[in-house]
Structures are given as C-alpha cells and as structure tokens.
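Chemist: The structure's right below; bear with me while I get my questions together.
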Amino acid sequence: MGVLILLAVFGLFIFANTFNPNPIVNGDLLKQCNPPPAVTVQNTGPNTSQKEEFFLPVFLASPGTSSKLCVEYFSNNSSATEHVQLSAQAIAINGSAAGIQVSPEPSELTVLRNPGLSPTGYSVAVYTLNFSESSRGFYTLNITGDCLLFASGYSASQINESDFGSTLLHHALDCYGAGDSQVSIQIESYLNLNETLLQVT
C-alpha cells in the first residue's frame with residue numbers, strides 16, 4: 001500500500017512539473033519592466049456635440065532617456081505555434097525623424113497555439129526605446145501586432161488630440177484592434193514611461 005501511495009505521489013509530481021495550462025515563453029524578460037501605475041485620463045474639455053467619445057493611450061517619455069515596453073503576445077491560431085519576426089519603427093508626427101531608436105528582444109518570437117476561446121499562455125518580448133536629447137515631439141511607434149502613440153518631452157496636461165492630427169483617425173480605424181492577424185498583444189508593463197488616456201471627440 002505504501003509503495004502505491006509513493007508511486008501516485010511521484011506521478012503527480014511529474015505531471016505537475018510537465019503540464020502547465022498557462023505556459024509563458026520568455027517570462028524572465030518581464031523583470032526588465034516595472035508594474036505600471038494607474039492610468040490617468042487627459043480630458044480635452046466638455047463635449048457639447050452628440051459624437052461618440054473614445055480614449056486612446058499615449059505613452060509619455062523624457063528626451064535623453066532610455067525606456068522599455070514589456071509586451072505579451074497571444075496567438076490567434078488554434079492549431080499551430082506561430083513564429084513571429086519582431087520589428088519596430090518610430091514615425092515622427094511632429095518631431096525629429098531620428099528621435100527614437102527602437103530594438104526588440106528577442107528578434108524572433110515563438111507564440112504558442114491557443115486551443116481555447118481565451119488565451120492559455122503567452123510569450124513575452126521587450127522593446128527598448130532610446131529617446132535622443134532632440135526627441136521632443138509626437139510619434140507613432142509601430143511594433144509587431146499593434147501601433148502606439150508617444151509624446152516625448154510633454155506631460156499629460158500638455159497634450160491634446162490636435163497634437164497628433166489625422167494620425168488619431170488612422171489609429172482609431174486601422175491601428176488599434178487590427179495589428180498582425182497572427183497575434184494579439186497586451187502591454188504588460190513598462191520602465192521610465194508614463195501613460196495617459198487621451199480623449200478623442
């Protein structure tokens with residue numbers, strides 16, 4: 001009887017250590033970022049029209065600093081593991097074209113298949129952003145899976161929707177919720193960045 005109990009316990013130990021219902025690929029990379037603080041809403045003023053309102057996240061950085069974005073990737077494929085080449089490009093809306101240098105880690109990511117309606121695991125990538133001393137301005141950051149809005153050298157109270165021009169409409173219609181059809185992303189955490197929600201009327 002004692003032998004059977006020992007074998008059962010040993011089998012349970014092997015099962016628990018080989019079967020993980022929520023696997024994480026590159027989970028150690030999350031240590032490079034801090035849990036984000038509560039996001040504040042930047043209200044651009046009362047809306048007197050009947051147009052629907054929505055909010056877009058804007059990341060705030062300081063010129064001459066280095067920041068990190070820790071991103072979780074979820075597969076949109078239920079039958080196969082995805083191998084995704086990571087890329088990043090900062091596009092100046094009103095700022096220096098070379099104001100932000102971006103590099104992903106790793107350069108290629110394995111994203112586990114998602115057999116259920118909700119993700120059962122995810123993969124982690126870190127994007128390092130170097131802001132030059134002359135980076136003050138507004139930017140779109142295109143990364144694999146999505147695109148993000150950045151303001152360098154501005155506080156939340158200093159920005160409004162006109163700073164991003166027609167880019168806001170582009171983001172609302174194309175960028176957010178579209179991205180790479182293979183994967184979906186979530187910003188898990190970041191380092192040396194602040195975030196605000198910009199009201200678009």
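Chemist: Given the condition surrounded by fewer than 18 Cβ atoms within 10 Å (Cβ to Cβ), in a loop (DSSP other than H, G, I, E, B) and without any contact (Cβ under 8 Å) to a residue 40 or more places away in the chain, answer yes or no: does some residue in segment 117-139 qualify?
Modeler: yes
Chemist: State which residue is surrounded by the most Cβ atoms within 10 Å (Cβ to Cβ) when the search covers only segment 143-169 and only residues that are within 18 Å of residue 88 (Cβ to Cβ) and either touching a helix residue (DSSP H, G or I) at 6+ places or on another chain (Cβ under 8 Å) or small (Gly, Ala, Ser) (or both).
Modeler: Out of the qualifying residues, it is 152.
Chemist: Counting only residues that are in contact with an Asp or Glu (Cβ under 9 Å, 6 or more places away or on another chain) and part of a strand (DSSP E or B), how many does segment 69-92 have?
Modeler: Final tally of qualifying residues: 9.
Chemist: Then there is this: What are the residues in segment 65-101 that are under 16 Å from residue 33 (Cβ atoms) and not hydrophobic (A, V, I, L, M, F, W, C), if any?
Modeler: 65, 66, 67, 68, 72, 73
Chemist: Right, something else. Give the number of residues within segment 93-116 that are assigned to a loop (DSSP other than H, G, I, E, B), modelled with pLDDT of 75 or more and exposed (fewer than 14 other Cβ atoms within 10 Å of the Cβ).
Modeler: The number of residues fulfilling the criteria is 2.
The values are calculated or read from the model by the stated rules, or taken from the named source; none is laboratory data. This is a predicted model, so every value here is computed, not measured. A quick note on method: Cβ atoms are made from the backbone with ideal geometry, for glycine too, and the neighbour counts reach across all protein chains shown.
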